[in-house]
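Working notes, structure below.
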Amino acid sequence: MGKKRKVILPPDLPPEVADNDIEVSDEDLEFIGQNREYAGFLTKLDTKSIDRHVKRVAGHESDDLEALYEQRKRKASLLKQNDDDDKLQVDPVDALPVKTLDGKLEYRTVDRTKSEAITNEKDNTEENEKDMSVVKLTKKEKRLKIKKSRKEAKKEAKVEEKGNVGVEKLHTEVLAKVEEDLSAEELFRKKKIKLAEIGLQLLENPEENIKSLKELLKNCDDGNQNIVKLGLMSLLAVFKDIIPGYRIRLPTEKEMEMTVSKAVLKQRFYESTLLNSYKAYLAKLIAMEKKPSLRQVAVRCLASLLDAVPHFNYRENILAIVIKNISSPDDTIRKLCCNATKSIFLNEGKHGGEATFEAVRLIAQQVKIYECQLHPDSIEVLSSLTFDEDIGKPDTQAEAVKIKKKGKWKTPDGSNKLQGSEKKKTRQESLAKTREEVTADFKSVSFAPDSRERKRMQSETLSAVFEIYFRILKHSTDSHASRSTTDAASFSHGSSSLPLLAPCLKGLGKFSHLIDLDFMGDLMRCLKQLAGYSDHGTIQNPLSVSERLQCCIVAFRVMRNNLEALNIDLQDFFVQLYNLLLEYRPDRDQGEVLAEALKIMLCEGKQHDMQRAAAFIKRLATFSLSYGSAEAMAALVTLKHLLQKNSKCRNLLENDAGGGSLSGLVSKYQPDATDPNLSGALGSVLWELSLLTKHYNSSISSMAASIMSMGSVNPAQSQVFLSTASPLQAFRDSSILCELSKPTSKSATSRQKQRELQKDYVLMDPEVMQNGNLVDEDEVRRKLEDRFAVHKVITENERLRKELNHTLSSISLYEEYNRQKKQKRKRTTKRVLGD
Amino acid sequence: MAKKMGRRARKFAKKNLQSVMKRKRKLNALFQKKFAPRRAQSDSPEESKNLKNDMQTPVDPEQEILDGIVSTNPFGDLFIKEDDDSAADASDSDGYLSEDPECPYISEDEEESCPEEMCKDVVLLEQNTEINQRLKNQKRKLSKLCKKDPQFSKFLESRRSEFLKSKSEEIYSDDEGDTSSMDDEYIVGNEISQVSKVITSSTVDVWCWLVMEQPNWPGLANLLNAFRAACHYGLDTGEVSPVKIANREVFCKILTFVLSEAKRIFCGLLRISGFSNKETILKMKNKPEWKTTRSLIKSFLRSSLFLLNQETDNQILVFVLSQIRLSILLFSAFPSLTKKLIKISIHLWVTGDKDLSASSFLILRDIASEFSLDNIDTCLTKGFGAFIANSKFMKPQNIEHIEFLENSVVELYSLDIQKSYQKVLMSVQQLASILRLALKTKEKDELKKIHSWQYINCISLWVKFVSCNYKNHDLEQLLFLIIGVIKGIAHLFPGPRYLPLRFKCVKMLNQLSFSSGVFIPVESLLFDCLEIRGTNNAEGTKLKHLDLALLLKVPNQLLKSQDFQQASVLSAIKLLAEHLSQWCYHVSFPDLATIPLILLKRFHENTSIESVRRPVKRFIDQVQQNSDFIQRKRDEVSFSPKDKESVDSFLQLEKCDRSVAFTKFYDNMLQNALA
């Protein structure tokens, strides 16, 4: 050992091998202790590189000593080789990278040392790494043993490692590098496993292990962001699972003073721990939400908590954060928040509706604060709200109402909450009657607040929702007025300045039946202004065609639900629709909105004024001449509806000289009039239909044909034509995709019966073709001669090259020949010598 | 019999004519070497292709192109099958005919003393002399070495024979296939031992005269051999030809004479008046003369094909093609040669200049119309494939060529509608399914497929096909499918960036509507461009001429430019005029024009581009005028819209006269566009 020490002594040598990565069996250590000749396998190592490293690391260690040492070892190795067979095989492999290391190594060694020291400290090993002495071996042994007891063997490959201190130096360098990577990874994995273990324990038995929550929480303070994320996520999973289905109320002081049973104590402890940890957890999340790097995770946790346990304590805090992020520019965050909010709206049973109200209130605040400059999604969520007017009503009656409603008007969004105001009264009567028994039922089934409470909550929510909508509308009209003078270029992007208008209109359309009559007048005024059409074209209206159509639709929806109560002239909206038909552009505007507008404004509702009906009929016919099949089909369906309802308008189908008598004010049709009442359409004839029968799309041409034949049929028989298709349906049915997927037949039948080849040219001019074929023969002859000459030269060239190559190769062969000759001579001389 | 002879001769040669074989092999070996310098000189792709063909490399550039389409182009792979021409090539081993020994040879010492006299390639000449110099030096050196060491020459000899032995093994393994396939070829076993005869110009004159005088003159074989040699001139494949062409006049004379007189010669031999149709060929096959003429004809055709393959000059090619075309029916007796001819013609049709393209198209058309169904199929498939492969890019230079190709494909497909309908339908359905996928997924890759010249050209090809043949055939289904596809394309690419593409769609729709008489509304597709508003006089990037026909998508920097707006408005007006002109006699014209008029008037009021004001105003006036005219006319009539016959007969008289002002306006517009 003394020998060895001389060699290894350099005090500033790096510490030995990566401790936590290397597993050494006791046998090995013992073996090392007993066999000092182990050094044998050094012979197989690259001694040069070892020398180099030793010198470099150890500084000015005497070379002589080393040389001596090496020599002795080599001799010894011859004897000892057998004993260390397996080590011999392993160690060189481990040491291999040493050969490739160059001067840079020095730095690395220092680095490794440091990092290793850190890890070692973490592992609570108290050794002083820098002190390398004989004593060290034993210390090391001890430490290794401790380690081993703590973890299971993972690095089999390294098992053989320990042995030689001399080799260790090498290993230190090699392995230190590997170790750094591994240690980080290892640590990460360890922590991960720990997280999982704690989590599992908690899930298995939350009562017993509730304290572990704190430990988990501690993990979330880790420096490593990944660990933090994992910690947050596992806490989320745990909380989602163990949070009880009720709100925890911490005992008051009075209650605390009371003596209670052990079980209650335990329960109290459990609850308070849970609540405290939850609080801490939320605090952490809320804090992290402010850090950009962790925001996504934090929001994800908050959103899923809101989704899973909206009834639990501290919901308000979560909601606040979630709503704050509902208009986040980050798509994922926004989506998470929107979905969480939607789930709040949709699963009111979970929290009894309180959260809904809170959320809506918060959204309203947001809208107010940001002056309507939010992402459309944040308003979109409101459309998943449901307002149950049947609270406290027996199921049977509610169902009966639903069926009735379905028969009358089908709403596209499938909501069955539309209510006619006339039904409200009867409903309220029955509500009073059956309240008692229903409340009893409710109470027995759920913990939800009684219906009166719910009703109150709903009306509050509703008013908050309409507050939002009206605010947006107001803002839109204001900015509309202020923007009407601005640049025309913004026309096509008009909606971008009013991001919330579209979802707002959609929502208004959906909840139109719930609007308070007091607001109605203002609302209609707003809508009229927004949909406003001016004679100077579209330029002055920053709203897109779809949005304006939507305004009309909303207005009609609202009106239809409150027909009796209001007497507002909708004429303006008809004027707008009449003109918007010209503004509509396929692919830019939503065709479905147009179809819906046609349906609501023209197909449904009461009878139209004849002038107006005629004007629309004419315009729709003209419209279908210019637009694609889907739009045309929707228009034709509407046209048919109008004709059915307004039998007098069927005069348009006939070229009747007396048609003009009906026309009233304007006797001649004015196609570019902006007011349908002034267009004089009654005096026109629907010539369009004759062209439409030539339409390539067979359904349109047959539709046009069937419309044409309506005029001649006895009005009494007109029932035959009652088609159930709505414009919207017609629009969807003839969309391009549907058109493309029509089947086609497999063969073409020639109009000329017998199959014969068509010898005539169909496209090209045969004379031109023939003329193009004339070639100047002299020119060709000249070119042929040229060709010959060129080819002759080329052939000559080839021949010469061939020969040249041939000769050259022959000459080059001469050298080979000479070599062979020499060899032969040598061989013969050798043989002669051998003899 | 012939087969046996060929094989026996070969065996004999193998056994007894060792030295000859050796020489042959040597030549073969060196032949491969010589290509290195050769290829460097010939940079034209055609020549290198021919070289490759000659060496029977399996990869053939044309095939590669087709393969390329198959892989890159989902709609190009329609009916391109794996074509196994390589097998046919192999079986078509070419050989000389057995000659008439009696044939007169007038020897005359007119061997060209100075081949350089006509050659303009000075570089090559210089190179030749230089190499010659070097060769002399090296030879001197070698002989010195040999002299110095006599044993070396022996060594050299042994090395060379060793080398050749290894080479020959390879060659023989190849040759086995050849020998078996040499049917009906009178291979002259001892051709190699023959000293090649020199053909002088007087010999050729005599031969020509004899051939013209006596149809059955046996020396025709010699003439054809000479023709073959001429065709192969400059590209000897190692075999020694029995004839040697003395000078360029002889070369020229042989080629032009044989090519231009072939029809007459063979007609005379077969005693028929001409190759008017397929039946004569069938009849001819049964004639006793056929047996003797068959090999002669084959040799002629094969040599001509070889020439076609080899030649690079367009005019010579046109000449050869036009001469071959006269006797094209001869090909129908040789299916494998027909296949080759199709391949070559398609290649020339696609790559050649205007005349060459036209004459190769004529060949293709003849084959498609006269030959068996099998060949029509090949023509259609390959023609379409080649068109697709060549329509990837549109440039000002090739726009005409692509149009010609498109027209030619339409011509080919129109020959037999029954047959081609399936193919066209399949192709259009494939296009439709690509479109469907794109409409559903809206993925970038799918959109890219559609937004490509290949797709658009393919569609426009079938649009042309349908509009050419709609009148005589029942193509309604196809028509509707194509309309659907075009509408889908227009729908898939909204926005001003894709206006050029949209204009193309509208143009195609107009074309279809015009030929089929169905009404296709296109107006709404054009309204968009009345609403583009850019920054006025932006950036001052004035382009000389913005040709929307060459674009599918407008580059971003042009999007806001006034040039683009102007160009798009004008194109829109043109297309609108096209659309309206079709219905300008229809009773509902005023209604059809209502919306465009309203929008155009508004545009005219608001536009800031002065340059388009005038044409727009003119257009509005014309449309208004016609609208008023129809309005007046229809106020006079008493029938109703549902009275179909009366509606159809409305203003038919004027329609025939084309007397209405709007028609004149439109015709004027077209002429202006052409000018």
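What the table shows:
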{"quantity": "Residue that is modelled with pLDDT of 80 or more and assigned to a helix (DSSP H, G or I), where the choices are B:Leu296, B:Leu282", "calculated": "B:Leu296"}
{"quantity": "Residue match in segment A:819-832 (condition: modelled with pLDDT of 75 or more, surrounded by 15 or more Cβ atoms within 10 Å (Cβ to Cβ) and not polar (S, T, N, Q))", "calculated": "no"}
{"quantity": "Selection status of B:Arg614, more than 8 Å from every other protein chain (Cβ to nearest Cβ) and among the charged types (D, E, K, R)", "calculated": "yes"}
{"quantity": "Subset tally (residues that are free of Cβ contacts under 8 Å to residues at least 60 places away in the same chain and either crowded, with 23+ Cβ neighbours inside 10 Å or under 19 Å from the mean Cα position of the chain (by Cα) (or both)) for segment A:301-317", "calculated": "5"}
{"quantity": "Residue, nearest to the chain's Cα centre (by Cα), within segment B:432-456, restricted to residues that are charged (D, E, K, R) and over 16 Å from B:Ile482 (Cα atoms)", "calculated": "B:Lys449"}
{"quantity": "Residues of segment A:223-257 satisfying the condition of being more than 30 Å from A:Gly352 (Cβ to Cβ) and surrounded by fewer than 16 Cβ atoms within 10 Å (Cβ to Cβ)", "calculated": "A:Gly223, A:Asn224, A:Gln225, A:Asn226, A:Glu257"}
{"quantity": "Every pair of residues 6+ apart whose Cβ atoms lie under 8 Å, when the first sits in segment B:575-589 and is within 11 Å of chain A (Cβ to nearest Cβ) while the second is of a type in the set (Asp, Glu)", "calculated": "B:Leu576/B:Glu523; B:His579/B:Glu523; B:Ser588/A:Glu688"}
{"quantity": "Out of A:Ser546, A:Ser496, A:Ser534, sole residue that is out of contact with any His (no Cβ under 6 Å at 6 or more places or on another chain), at pLDDT below 80 and part of a helix (DSSP H, G or I)", "calculated": "A:Ser496"}
{"quantity": "Selection from segment A:693-709 of residues that are hydrophobic (A, V, I, L, M, F, W, C) and under 17 Å from B:Glu476 (Cα atoms)", "calculated": "A:Ile700"}
{"quantity": "Qualifying residue in segment B:343-359 (condition: more than 13 Å from chain A (Cβ to nearest Cβ), of a type in the set (Val, Ile, Thr), part of a helix (DSSP H, G or I) and more than 24 Å from B:Ser460 (Cα to Cα))", "calculated": "yes"}
{"quantity": "Verdict on B:Val195 being surrounded by 14 or more Cβ atoms within 10 Å (Cβ to Cβ), modelled with pLDDT under 70 and outside any helix (DSSP H, G or I)", "calculated": "no"}
{"quantity": "Lone qualifier among B:Ile595, B:Ile620, B:Ile630 - being more than 10 Å from chain A (Cβ to nearest Cβ), part of a helix (DSSP H, G or I), within 24 Å of A:Leu582 (Cβ to Cβ) and among the β-branched types (Val, Ile, Thr)", "calculated": "B:Ile620"}
{"quantity": "Spans of helices (runs of 4 or more DSSP H) in segment A:685-787 with at least 1 residues touching a Ser or Thr at 6+ places or on another chain (Cβ under 6 Å) and at pLDDT 70 or above", "calculated": "A:688-692, A:698-708, A:727-733"}
{"quantity": "Residue among B:Ile297, B:Ile346, B:Ile316, B:Ile328 that alone is more than 27 Å from B:Phe404 (Cα to Cα) and either among the hydrophobic types (A, V, I, L, M, F, W, C) or buried (at least 19 other Cβ atoms within 10 Å of the Cβ) (or both)", "calculated": "B:Ile297"}
{"quantity": "Residue match in segment B:652-669 (condition: assigned to a loop (DSSP other than H, G, I, E, B), under 28 Å from B:Leu548 (Cβ atoms) and among the aliphatic types (A, V, I, L, M))", "calculated": "no"}
{"quantity": "Condition check for B:Lys601: assigned to a helix (DSSP H, G or I) and in contact with a His (Cβ under 9 Å, 6 or more places away or on another chain)", "calculated": "no"}
{"quantity": "Counted residues, segment A:274-302 - those being polar (S, T, N, Q) and within 19 Å of A:Arg334 (Cα to Cα)", "calculated": "2"}
{"quantity": "All positions within segment B:447-494 that are in contact with an Asp or Glu (Cβ under 9 Å, 6 or more places away or on another chain), small (Gly, Ala, Ser), under 26 Å from B:Pro396 (Cα atoms) and in contact (Cβ under 8 Å) with a residue 40 or more places away in the chain", "calculated": "B:Ser460"}
{"quantity": "Search result, residues across segment A:777-835 that are of a type in the set (Gly, Ala, Ser) and at the interface with another protein chain (Cβ under 7 Å from one of its Cβ atoms)", "calculated": "A:Ala789, A:Ser810"}
{"quantity": "Residues located in segment B:638-663, provided they are among the aromatic types (Phe, Trp, Tyr) and at the interface with chain A (Cβ under 8 Å from one of its Cβ atoms)", "calculated": "B:Phe639"}
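Listed here are the residues, each with its yes/no results for (1) within 7 Å of another protein chain (Cβ to nearest Cβ); (2) of a type in the set (Phe, Trp, Tyr); (3) assigned to a helix (DSSP H, G or I).
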| position | (1), (2), (3) |
| --- | --- |
| B:Ala438 | no, no, yes |
| B:Asp445 | no, no, yes |
| B:Gln454 | no, no, yes |
| B:Asn457 | no, no, yes |
| B:Ser460 | no, no, yes |
| B:Lys471 | no, no, no |
| B:Leu481 | yes, no, yes |
| B:Gly484 | yes, no, yes |
| B:Ile489 | no, no, yes |
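The values are calculated or read from the model by the stated rules, or taken from the named source; none is laboratory data. Note that this is a predicted model, so its numbers are computed, not measured. So basically every Cβ, Gly included, is an ideal-geometry build from the backbone, and we count neighbours across all protein chains shown.
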